[in-house]
Amino acid sequence: MFAPVFTALHAWAAWLVGLGLLDQVAYAILVGTWAAVVLSLIRRIRRSLRGNTDRR
């Protein structure tokens, strides 16, 4: 679901690095996208765990 968006962002960041411009910005984009993925997965897991405990 998120793959096309992150692939586009990573391609854009790689292009910036290839130009030798904004290396820090490109690195921040890469870290930020992966952090967003991890946080969304953690939230999803917590929601499912809460849902399971509430049902019991």
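We did not get these values from a lab; they are worked out from the coordinates using the rules stated. Predicted, not measured: the structure shown is a model, and the values here were computed from it. With ideal geometry, Cβ positions are generated from the backbone for all residues, glycine too; neighbour counts draw on all protein chains shown.
Here are some notes:
- Distance between modelled label sites at TRP15 and ALA36, nm, 7 Å Cα→Cβ extension: 1.7
- Once both labels are positioned 7 Å from their Cα atoms along Cα-to-Cβ, the gap between ARG47 and THR7 label points is 2.4 nm.
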